[in-house]
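For reference, the structure discussed in these notes is given below.
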Amino acid sequence: ARLQGRPAQDYQLVLNLLGRVRQELDPGYWPALIAEADLLIEKDNTKEGVDALMAALALNAHCVEAWARLGRLSIRGYAFDRAGAVVKKLREINPTNPLADLIEARSLLQQRDVAGARALIEAGLSRYPEHRELLALNAAAISLTFDMQATREAMLRFEAVSPGNPLAAYTIGTYLSTARQYDEAEAMLRQAGELAPNWP
């Protein structure tokens, strides 16, 4: 849909197929619930998305993908204590899981602790130097220091790993917007839109 601008009915078709997996073909296949949650959340149906994530965790209590998505939703809702509990759970499952670093860094950025977030991101990148989401978040964290040269360098580092991907520009734009740097945020979000014109 993002690449070709497919109609909304295609999303419904995918949801129906995933529902069939869950109800008929393999009720214990938790990855189908993660995919269903992603689609529901992307379509702003957060409640049903969370229900799907909780159903996945009922089948696999150590499903880091489900925990990480719940952490992101907690940050979006400014529920930082809940996000912290998710980080703790992720580290219990795997102490070096980059998802824990990502959730904690996002939470710190949302709370304007740029230095704390950057320390976590740099530690994560030392273990996973080509992790796209860490690289995008690194560029966003640097942008919040308002050092545009360093931000460009961080974007180039991301683009070296994932050329043409809008994630870095989108992430920078999102965090600049939360910091009320609206002109700069708009420029980054427009750049992301040019790279992915069908990504709402």
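The values are calculated or read from the model by the stated rules, or taken from the named source; none is laboratory data. Only a predicted model underlies this, so the values are computations on that prediction, with no experimental measurement involved. Using ideal geometry, Cβ is built from the backbone for each residue, glycine included, and neighbour counts are taken over all protein chains shown. We work out accessible area using only protein heavy atoms, side chains counted, and drop any ligands, DNA or RNA first. Shrake-Rupley method; radii C 1.70, N 1.55, O 1.52, S 1.80 Å.
A few points about this structure:
- Among (1) open to solvent by 30 Å² or more (accessible area, probe 1.4 Å); (2) at pLDDT 95 or above, the one test that Pro197 misses: (2)
- The single residue among Arg127, Arg180, Arg132, Arg118 that is farther than 30 Å from Pro95 by Cβ and among the basic types (Lys, Arg) turns out to be Arg180.
- Within region 1-46, the residues that satisfy the criterion of being out of contact with any helix residue (DSSP H, G or I) (no Cβ under 8 Å at 6 or more places or on another chain) and among the hydrophobic types (A, V, I, L, M, F, W, C) are Leu3, Ala8, Leu13, Leu17, Leu25.
- A single entry from Asp26, Asp81, Asp10, Asp44 fulfils the requirement of being closer than 20 Å to Gln110 by Cβ and at pLDDT below 90: Asp44.
- Unmet requirement for Leu108, which otherwise passes all of (1) open to solvent by less than 40 Å² (accessible area, probe 1.4 Å); (2) modelled with pLDDT under 95; (3) within 18 Å of the chain's Cα centre (by Cα); (4) not polar (S, T, N, Q): (2)
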